[in-house]
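S.K.: To start, I am sharing the structure in question, which I have written as structure tokens.
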Amino acid sequence: MKNLPILLFLLSPFFLASQNGGFPDEYLGKWAGTLRIFNGEGLAQELPMQLHILPTDSTERYTFTLIYGVDTIAGKRPYELVVLDREKGLYLIDEKNSIQMEAYYIGGKLWQNFEVQGTVLYTVLWREGDALVWELSVVSSTPVRTSGGRLHEGEEIPEVKAFPVNGVQRARLARM
């Protein structure tokens, strides 16, 4: 692929480094809205969702509490957002149960990707006006198709794997 060197440069860690851009300060507060869950057939479910991002005694740790559903006790996920390198946009979501996952503030959005039991989850959180938008896509880690990986008209085409998207969750959250 002729554009592959450009793509690799754009994906290099040097290029991905990001300035703070107001994160997490502009995200602090308690936010609430409706989580909409979609599958291939359309809207499958709606439920209340909250996200609380609050300062702690440390300038390097913030609460990052997700609350799903009407039962705010059973639906509470009390995580922490840990600053690893503010200038490079490197963060960590600490679930405080031995699970820790990197998060990256790049291009005005907080990105996080992780795999659990054969399912890859991609989350993105960003400011849109006075709201926070949270989106999660659910993707199988087993490819649905593999193509390329051969010579085509004199050009070596890399192998490309396509993965099925099984669902998307999206919430637009307003300050409480």
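S.K.: Would you check if Val116 is of a type in the set (A, V, I, L, M, F, W, C), surrounded by fewer than 17 Cβ atoms within 10 Å (Cβ to Cβ) and either under 25 Å from Leu47 (Cα atoms) or touching a strand residue (DSSP E or B) at 6+ places or on another chain (Cβ under 6 Å) (or both)? If you could, list the steps in order and put the result at the bottom.
M.R.: Details: of a type in the set (A, V, I, L, M, F, W, C): yes; surrounded by fewer than 17 Cβ atoms within 10 Å (Cβ to Cβ): yes; either under 25 Å from Leu47 (Cα atoms) or touching a strand residue (DSSP E or B) at 6+ places or on another chain (Cβ under 6 Å) (or both): yes.
Against the criterion (of a type in the set (A, V, I, L, M, F, W, C), surrounded by fewer than 17 Cβ atoms within 10 Å (Cβ to Cβ) and either under 25 Å from Leu47 (Cα atoms) or touching a strand residue (DSSP E or B) at 6+ places or on another chain (Cβ under 6 Å) (or both)), Val116 qualifies.
S.K.: Considering the range 69-91 alone, what residues qualify as being buried (at least 16 other Cβ atoms within 10 Å of the Cβ) and either over 15 Å from Leu125 (Cβ atoms) or not aromatic (Phe, Trp, Tyr) (or both)? Before you say what the answer is, go through the steps one by one.
M.R.: Residues of the range 69-91 that are buried (at least 16 other Cβ atoms within 10 Å of the Cβ), as a first pass: 79-83, 86, 88-91.
Scanning the range 69-91 gives Glu80, Leu81, Val82, Val83, Arg86, Lys88, Gly89, Leu90.
S.K.: Taking the conditions exactly as written (over 22 Å from Asp94 (Cβ atoms), part of a strand (DSSP E or B) and within 11 Å of the chain's Cα centre (by Cα)), does Ser147 satisfy them or not?
M.R.: Values: over 22 Å from Asp94 (Cβ atoms): yes; part of a strand (DSSP E or B): yes; within 11 Å of the chain's Cα centre (by Cα): no.
So Ser147 fails the test.
S.K.: Output the number of the condition that Tyr91 fails; it satisfies all remaining conditions of (1) closer than 21 Å to Val168 by Cβ; (2) touching a strand residue (DSSP E or B) at 6+ places or on another chain (Cβ under 7 Å).
M.R.: (1)
S.K.: Looking at Glu128, Glu95, which one is in contact (Cβ under 8 Å) with a residue 24 or more places away in the chain, out of contact with any helix residue (DSSP H, G or I) (no Cβ under 9 Å at 6 or more places or on another chain) and charged (D, E, K, R)? Show your work before the answer.
M.R.: Values: Glu95 fails: in contact (Cβ under 8 Å) with a residue 24 or more places away in the chain.
Exactly one of Glu128, Glu95 is in contact (Cβ under 8 Å) with a residue 24 or more places away in the chain, out of contact with any helix residue (DSSP H, G or I) (no Cβ under 9 Å at 6 or more places or on another chain) and charged (D, E, K, R), namely Glu128.
S.K.: For Ile73, are the conditions met, namely being within 29 Å of Gly167 (Cα to Cα) and part of a strand (DSSP E or B)?
M.R.: Answer is no for this residue.
S.K.: So which residues in the range 36-59 are farther than 22 Å from Gly167 by Cα and either exposed (fewer than 11 other Cβ atoms within 10 Å of the Cβ) or modelled with pLDDT under 95 (or both)?
M.R.: Of the residues in the range 36-59, the ones farther than 22 Å from Gly167 by Cα are 52-59.
Of everything in the range 36-59, those that are farther than 22 Å from Gly167 by Cα and either exposed (fewer than 11 other Cβ atoms within 10 Å of the Cβ) or modelled with pLDDT under 95 (or both) turn out to be Asp57, Ser58, Thr59.
S.K.: Ok, one more. Here's a check for you: in the range 76-119, which residue that is part of a strand (DSSP E or B), among the charged types (D, E, K, R) and out of contact with any Ser or Thr (no Cβ under 8 Å at 6 or more places or on another chain) is nearest to Val139 (Cα to Cα)? Walk me through how you get there before you give the answer.
M.R.: From the range 76-119, those part of a strand (DSSP E or B) are 76-85, 90-94, 100-106, 109-116, 119; that's our starting set.
Filter once more, so that each one left must be among the charged types (D, E, K, R): 76-77, 80, 85, 94, 102, 109, 115.
With the extra rule that they be out of contact with any Ser or Thr (no Cβ under 8 Å at 6 or more places or on another chain), the set shrinks to 85, 94, 102, 109.
Values: Asp85: 29, Asp94: 22, Glu102: 18, Lys109: 20 Å.
Going through the qualifying residues, I end up with Glu102.
S.K.: For the range 132-143, check the following and say yes or no: at least one residue is part of a strand (DSSP E or B) and among the polar types (S, T, N, Q).
M.R.: Looking only at the range 132-143, we keep the residues that are part of a strand (DSSP E or B), and these are 132-140.
Then keep just the ones that are among the polar types (S, T, N, Q); that gives 137, 140.
Yes - at least one qualifying residue is present in the range 132-143.
S.K.: Limited to the range 132-165, what total is found for residues that are touching a residue at least 60 places away in the same chain (Cβ under 8 Å) and surrounded by 13 or more Cβ atoms within 10 Å (Cβ to Cβ)? Don't jump to the end; show me each part of the working.
M.R.: Within the range 132-165, the first condition is being touching a residue at least 60 places away in the same chain (Cβ under 8 Å), and the residues that meet it are 132, 134, 155, 157-158.
When the remaining residues are screened for being surrounded by 13 or more Cβ atoms within 10 Å (Cβ to Cβ), the result is 132, 134, 157.
The total comes to 3.
The values are calculated or read from the model by the stated rules, or taken from the named source; none is laboratory data. Predicted, not measured: the structure shown is a model, and the values here were computed from it. Please note: Cβ atoms are built from the backbone with ideal geometry, for glycine as well, and neighbour counts cover all protein chains shown.
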